[in-house]
Amino acid sequence: MKTLSKIFIQGLFAILPIVLTIAIIVWLITTLETYLSKLLLLVMPASMYWPGLGLILGILLIFGLGLLIKFYLGQLIIKGLNRLMERIPVVSAVYSAFNDMVRFLSPSEKEELQKAVLVEVQEGAEVIGFVTSEDVELGERSELIAVYIPMSYQIGGFTLFMPRDKVKELDMSPSEAMKKVLTASMGSEKRLTPDKI
């Protein structure tokens, strides 16, 4: 019985990522089609509507949003919406986690996380961090770098301000390193190869 349970669990975990990915894609498509079709039917006769038109409108709206964000006004609107979401008590925790995860896994052209580094927190123990700013000044101290240390599964994080020679730069992109942090490096095949700055 234990052997059968083990085989079943192995099969479940093998198929689960595929099923969840397909389910999210199907959910997104059906949601766009369902809600945007109702919007279209308010401004056009039912005889002119055909299945899939809502999905096409959704894709065009997402593309339009991407163009809008490139302009200053669009950035102001997005920042305003972000601030609004962060002020709602329960929603803010969920929103922040998803927002950070999406940003880290899909970095923009101007990547906020400049470099992935290893930081020694105690002798023989290192954590992955991300350089967010260089040449930071704190009072009389200067030439510091800001290193963001996220926690696994995006449950929090903190920023360290430290001398440049106290970190080791990793030979990988920030997005690859963030994937290791978010998943606690489970299922990772690539090895970290640090080089000193």
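The values are calculated or read from the model by the stated rules, or taken from the named source; none is laboratory data. Quick caveat: nothing in here was measured; it's all calculated off a predicted structure. Please note: Cβ atoms are built from the backbone with ideal geometry, for glycine as well, and neighbour counts cover all protein chains shown. Calculation scope for accessible area: heavy atoms of the full protein, side chains included, ligands and nucleic acids excluded. Shrake-Rupley method; radii C 1.70, N 1.55, O 1.52, S 1.80 Å.
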So residue 178 ticks every box in (1) farther than 30 Å from residue 67 by Cβ; (2) at pLDDT below 80; (3) out of contact with any Lys or Arg (no Cβ under 8 Å at 6 or more places or on another chain) but one. Which box is left unticked?
(1)
So, in the stretch 181-197, of the ones that are open to solvent by 70 Å² or more (accessible area, probe 1.4 Å) and in contact with a strand residue (DSSP E or B) (Cβ under 9 Å, 6 or more places away or on another chain), which residue ends up modelled with the highest pLDDT?
195
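If you take the residues in the stretch 127-136 that are under 12 Å from residue 147 (Cβ atoms) and not hydrophobic (A, V, I, L, M, F, W, C), which one is least open to solvent (accessible area, probe 1.4 Å)? If you could, list the steps in order and put the result at the bottom.
Filtering the stretch 127-136 for residues under 12 Å from residue 147 (Cβ atoms) gives 127-134, 136.
Imposing the further condition that a residue be not hydrophobic (A, V, I, L, M, F, W, C) reduces the set to 129, 132-134.
Values: 129: 0, 132: 54, 133: 45, 134: 58 Å².
Only one residue tops the list, namely 129.
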If you go through 87, 83, the only one that is farther than 29 Å from residue 179 by Cβ, among the charged types (D, E, K, R) and open to solvent by 70 Å² or more (accessible area, probe 1.4 Å) is 87
The lone exception for residue 98 - which of (1) modelled with pLDDT under 85; (2) open to solvent by 60 Å² or more (accessible area, probe 1.4 Å); (3) hydrophobic (A, V, I, L, M, F, W, C); (4) over 30 Å from residue 169 (Cα atoms) it fails:
(4)
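Hey, can you tell me all the residues within the stretch 37-58 that are open to solvent by 100 Å² or more (accessible area, probe 1.4 Å) and either part of a helix (DSSP H, G or I) or of a type in the set (Gly, Ala, Ser) (or both)?
To start, the set of residues in the stretch 37-58 that are open to solvent by 100 Å² or more (accessible area, probe 1.4 Å) comprises 38, 42-43, 47-48, 50-51.
Answer for the stretch 37-58, where residues must be open to solvent by 100 Å² or more (accessible area, probe 1.4 Å) and either part of a helix (DSSP H, G or I) or of a type in the set (Gly, Ala, Ser) (or both): 38, 42, 43, 47, 48.
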